[in-house]
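Trainee: For reference, the structure I am asking about is given below.
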Amino acid sequence: MRISCLIAILACFGCGEDPILTKANQEQTKGDAKTDTVSTKEQQNENTVKSIKTSSMPTVAPPKETSATPVSGQLPKIAPPSVAPPKEQPKEAVPPPPPNPKDGDFITIKGTIEANNPNGKPIRIDIFDGDQRNIGGKRPSVVVSTTVDNGPTFEIFLPQKEQQLWVGAYIDEDGDGRPGPLDPSGWYSGNPVSGNKNQEGITLVLGIPNDAPP
């Protein structure tokens, strides 16, 4: 009888679970579950980041070159004009220097002036290729013109040429640049003279013209 009770007690202890082991197993199970949950969430987060990087982010195109159209409010940039360097003028096109008036064959016209010149104004001497007093026909041109400031004598150089010359002079009293009715003036009494040889002893007598108003 005692042996049967002992066997029954041992059987009961052998078949029943230890409460401490049971609790430990439960804690271990919970910890494993939490670890699995954390691992699962980390894996999900990693997969989400990869998905965002690969599919969600839009593709950015490279920047386009800006057009040359100026922005409103800004002045357009204008390139400086291209100026070609001046071309060297060929030697054949270079004009010759003006001739010296004393080069070549010249003649001289020398003489004296008789005039009442109380104001001491300069005396203008003109030599024409025609008679200036002749109203009809072609007007004569001035061949040489000079001004005498001092002394009664004068000497004029002019190119030698086969032509007739008229010598005259005047004092520009009114300062208008031409002989007037109140300006003392006069012509050489021996006009015309030859333009092909030297002339000396020319005397010019200046006075108010006879037809001057009173």
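Trainee: Please count how many residues of the range 185-204 are open to solvent by 40 Å² or more (accessible area, probe 1.4 Å) and under 57 Å from the mean Cα position of the chain (by Cα).
Mentor: 4
Trainee: Let me ask something else. Among the residues of the range 164-182, are any farther than 19 Å from Pro209 by Cβ and either in contact with an Asp or Glu (Cβ under 8 Å, 6 or more places away or on another chain) or surrounded by 14 or more Cβ atoms within 10 Å (Cβ to Cβ) (or both)? Can you show your working first?
Mentor: Our first condition is that a residue be farther than 19 Å from Pro209 by Cβ; within the range 164-182, this holds for 164-165.
Next, from what is left, pick out any that are either in contact with an Asp or Glu (Cβ under 8 Å, 6 or more places away or on another chain) or surrounded by 14 or more Cβ atoms within 10 Å (Cβ to Cβ) (or both): 164-165.
Scanning the range 164-182, I find at least one residue that is farther than 19 Å from Pro209 by Cβ and either in contact with an Asp or Glu (Cβ under 8 Å, 6 or more places away or on another chain) or surrounded by 14 or more Cβ atoms within 10 Å (Cβ to Cβ) (or both), so the answer is yes.
Trainee: OK, next. Restricting to the range 132-152, count the residues that are outside any strand (DSSP E or B), touching a strand residue (DSSP E or B) at 6+ places or on another chain (Cβ under 6 Å) and surrounded by fewer than 16 Cβ atoms within 10 Å (Cβ to Cβ).
Mentor: Of all residues in the range 132-152, those outside any strand (DSSP E or B) come to 132-141, 149-152.
So of that shortlist, the ones also touching a strand residue (DSSP E or B) at 6+ places or on another chain (Cβ under 6 Å) come out as 140, 152.
Now narrow it down to the ones that are surrounded by fewer than 16 Cβ atoms within 10 Å (Cβ to Cβ): 152.
Selection size over the range 132-152: 1.
The values are calculated or read from the model by the stated rules, or taken from the named source; none is laboratory data. Just so it is clear, the structure is predicted and the values come from calculations on it, not from any experiment. A quick note on method: Cβ atoms are made from the backbone with ideal geometry, for glycine too, and the neighbour counts reach across all protein chains shown. Just so you know, the surface numbers come from the protein's heavy atoms only, side chains and all, with ligands and any DNA or RNA stripped out. Shrake-Rupley method; radii C 1.70, N 1.55, O 1.52, S 1.80 Å.
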